[in-house]
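Here the structure is laid out as structure tokens; the discussion comes afterwards.
The values are calculated or read from the model by the stated rules, or taken from the named source; none is laboratory data. The shown structure was predicted, so the numbers you read here are calculated from the model rather than taken from an experiment. Because the Cβ atoms are built from the backbone with ideal geometry, glycine has one as well, and the counts that use them run over all protein chains shown.
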Amino acid sequence: MQSDELKRRISAGRGDALADLVLRNARIVNVFTDEIDTADIAISGNRIVGVGTYHGRKEVDLHGKYVCPGLIDGHIHIESSMLCGPAFEQAVLPHGTTAVVTDPHEISNVAGLEGLDFMLETTKNLTLSVYFMLPSCVPATDLDESGAVLNAEQLRPYYGDPRVLGLAELMNAYGTVRCDPKILQKISDCTEAGKIVDGHAPLLSDKDLNAYIAAGVQSDHECSNIEEAMEKLRRGQYIMIREGTAAKNMEALMPLFREPYCSRCMLVTDDKHPGDLLDSGHIDSNIRKAIRLGADPAVAVKMATLVPAQYFGFKQRGAVAPGYAADLIVVSDFESFTVEQVYKNGTLVAEHGKTLKPAPLDIDRVRFSHVMDSFDLDEITLQDLELRESGEQERVICLNRGELLTEEKIIPFQRHPGKAPGVDPEHNIVKLAVFERHHHSGHVGIGFLGNFSLKCGAVASSIAHDSHNLIVAGDNDTDMMLAGNTVRKNKGGLAFVADGQVVAELALPVAGLMSTESAESVAAKMQALNDALKAHGVAEDIGIFMTLAFVSLPVIPKLRLNTYGIIDVAQQKVVPAVF
């Protein structure tokens, strides 16, 4: 900073000179003391220089509205919004999000370093501050088929980028505590660079948890019950309380919304669909829900501002105080927590639900050719969907509503007229298939999924964490074949088929994960899919595609399905679907 600029700040802070902007009559959410202060906010350049009584070249009277620091999402996968960077910004900036920390492991699993570079390039000129954690597990485990493998040597140069904050969620907890040399090298590189290691260790406890944290893992976002969260807090981890489209853990973790726990906990979304972002919001939605569930509003705001800023090392961000970045949001009241204005670096950038200067999407299609054409899969046939096993019992992957954890259920092998073998319509058990789409291997995993709520037909998606192969679920092979081929034709996306007809579809040609269209356009097509599913008997509040997206992730207990078959996560081995 030049000394002249420093003098300007000091003079404005003392009141000897006019501030550039004064937000008058504000009720300020003080995230240091959990109080509400009534004062003016003086801004010089991109910094807050004073809180008190001030005058400025420009003054905005807030008439007692609340002012909070700009909101920070400390753990999200932008690709899971199905939006490229500029469209994602247009969706979240008006809701008060001024910074996100993203883990681009979705696109990296498809396109490797080209995918990582794509995300860095298409977010670098946004108003929204986009920071990165480097993908730690590409693929998630060796028992998966991704489009790429990223090793420590490939990731090492990226730590020199100031927007790279560390190593993203270390999903292979099993490998970490058993000293997998590939994982340990990534951790060593990160810590030697002075960066952060994020965790991902559902249900890890006792000495394995001790070993995992001793390796340098500083946070966790997978806690689904208070006992697990408290054990990890006691061991020194930060807890990211997740509330997104699929995983909703906030209600179970509400006891953390008070001191001393709240100062080590932050609010994150992890994954959120565009319709949710536009309709209910982003981190503002999480704050709204926390308040509704009884949290002190100032505490909820602190957990979405100061705590993530401190955890990630954002100096002088995350608070409304002198010297802090002038990233601010104006909120009407705590009950609705409606964000009316958003200021970034002292400039009004969004107002009344709209971004004032939308950024364009400019893709270098030569540099990012694989990102834009990522499908290497032959047309699916009925033969591809045939069961390769036989027996009198079937193993069912049972979903738990609102959670990512699954359960195992063994039942007699089902046979019902007009349905694929193994399907039980009475008990919501459908057939499931995962097709490898990156290397033309021809591998197909087949299993059964319970509590899925699909009443008829088939759904298909190229969003299937984390390797993002093509996943298809349905009650008959013919519709499953058509649904899968529809997604293949579109170079990625989602599809719903019933009675041999494509009812609705959404093309996601960017790595099979994202659209080049606006948030509104993608949300409208997503709504058409949901409406079609509802018309065919699926409850409106069930996010079928977001739920389906996690069924193939072989690091979250208990069972998953990938291109090799049903995976017992704890044992990291393939188990038969029929026996």
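Which ones in segment 451-468 are at positive phi and modelled with pLDDT of 90 or more?
N451, G457, H468, listed by residue number.
Could you tell me whether segment 140-154 includes any residue that is β-branched (V, I, T) and modelled with pLDDT under 95?
Yes: one or more hits.
Scan segment 92-102 for residues that are in a strand (DSSP E or B) and farther than 18 Å from K302 by Cα and jot them down.
T102
What residue, of A246, A214, is of a type outside the set (D, E), without any contact (Cβ under 8 Å) to a residue 12 or more places away in the chain and surrounded by fewer than 22 Cβ atoms within 10 Å (Cβ to Cβ)?
Sole residue among the options that is of a type outside the set (D, E), without any contact (Cβ under 8 Å) to a residue 12 or more places away in the chain and surrounded by fewer than 22 Cβ atoms within 10 Å (Cβ to Cβ): A214.
If you scan segment 388-398, which residues turn out to be at pLDDT 95 or above and closer than 20 Å to G474 by Cα?
Across segment 388-398, the qualifying residues are Q393, E394, R395, V396, I397, C398.
Among the listed residues R234, R242, identify the single one that is charged (D, E, K, R) and more than 20 Å from the chain's Cα centre (by Cα).
R234
What strands (runs of 3 or more DSSP E), lying completely within segment 45-91, carry at least 1 residues that are within 30 Å of V522 (Cβ to Cβ)?
Output list reads 66-69, 71-76.
Just to check your reading of the model, which residue among L267, L293 is farther than 18 Å from P69 by Cβ, modelled with pLDDT of 95 or more and in contact with an Asp or Glu (Cβ under 9 Å, 6 or more places away or on another chain)?
L293
Being under 24 Å from S146 (Cα atoms), touching a Leu at 6+ places or on another chain (Cβ under 9 Å) and not small (G, A, S) is the filter here; which residues of segment 487-504 pass it?
V487, R488, N490, K491, L494
Within segment 538-559, is even one residue assigned to a strand (DSSP E or B) and modelled with pLDDT of 95 or more?
Checking segment 538-559: at least one residue is assigned to a strand (DSSP E or B) and modelled with pLDDT of 95 or more.
Restricting to segment 1-44, and then to whatever is among the small types (G, A, S) and part of a helix (DSSP H, G or I), can you tell me which residue is surrounded by the fewest Cβ atoms within 10 Å (Cβ to Cβ)?
S3
I need a count of the residues in segment 492-513 that are outside any loop (DSSP other than H, G, I, E, B) and either touching a Ser or Thr at 6+ places or on another chain (Cβ under 8 Å) or hydroxyl-bearing (S, T, Y) (or both).
9
Looking only at segment 274-307, filter to residues that are polar (S, T, N, Q) and buried (at least 23 other Cβ atoms within 10 Å of the Cβ); which one of those is farthest from the chain's Cα centre (by Cα)?
T305
Pull up segment 171-182, narrow it to residues that are of a type in the set (A, V, I, L, M, F, W, C) and modelled with pLDDT of 95 or more, then point me to the one that is surrounded by the fewest Cβ atoms within 10 Å (Cβ to Cβ).
Among them, the one singled out is C179.
Counting only residues that are closer than 23 Å to A247 by Cα, give me the helices (runs of 4 or more DSSP H) lying completely in segment 129-227 with at least 1 of them.
173-177, 206-214
For segment 452-491: of the residues being hydrophobic (A, V, I, L, M, F, W, C) and in a loop (DSSP other than H, G, I, E, B), which is surrounded by the fewest Cβ atoms within 10 Å (Cβ to Cβ)?
C456
Of all residues in segment 62-83 being surrounded by fewer than 24 Cβ atoms within 10 Å (Cβ to Cβ) and hydrophobic (A, V, I, L, M, F, W, C), which is nearest to S146 (Cα to Cα)?
V67
Quick one: count up the residues across segment 168-197 that are touching a Phe, Trp or Tyr at 6+ places or on another chain (Cβ under 9 Å) and either assigned by TED's automatic domain parsing to the domain that holds S552 or under 22 Å from T123 (Cβ atoms) (or both).
5
State which residue pairs qualify: first residue without any contact (Cβ under 8 Å) to a residue 40 or more places away in the chain and inside segment 507-526, second residue surrounded by 19 or more Cβ atoms within 10 Å (Cβ to Cβ) in any location, beta carbons under 8 Å apart, and separation of 6 or more residues or different chains.
Here the result reads A507/G492; A507/G493; A507/S515; S521/S515; K525/A504; K525/E505; K525/L506, each pair linking segment 507-526 to a residue that is surrounded by 19 or more Cβ atoms within 10 Å (Cβ to Cβ).
Going residue by residue through segment 91-100, is there one that turns out to be within 25 Å of E340 (Cα to Cα), surrounded by 24 or more Cβ atoms within 10 Å (Cβ to Cβ) and without any contact (Cβ under 8 Å) to a residue 40 or more places away in the chain?
yes
Which number in (1) part of a loop (DSSP other than H, G, I, E, B); (2) among the β-branched types (V, I, T); (3) assigned by TED's automatic domain parsing to the domain that holds I567 marks the one condition that V371 misses?
For V371, the exception is condition (3).
Would you confirm whether any residue within segment 353-360 is surrounded by 18 or more Cβ atoms within 10 Å (Cβ to Cβ), in contact with a Phe, Trp or Tyr (Cβ under 6 Å, 6 or more places away or on another chain) and part of a strand (DSSP E or B)?
For segment 353-360, residues surrounded by 18 or more Cβ atoms within 10 Å (Cβ to Cβ), in contact with a Phe, Trp or Tyr (Cβ under 6 Å, 6 or more places away or on another chain) and part of a strand (DSSP E or B): absent.
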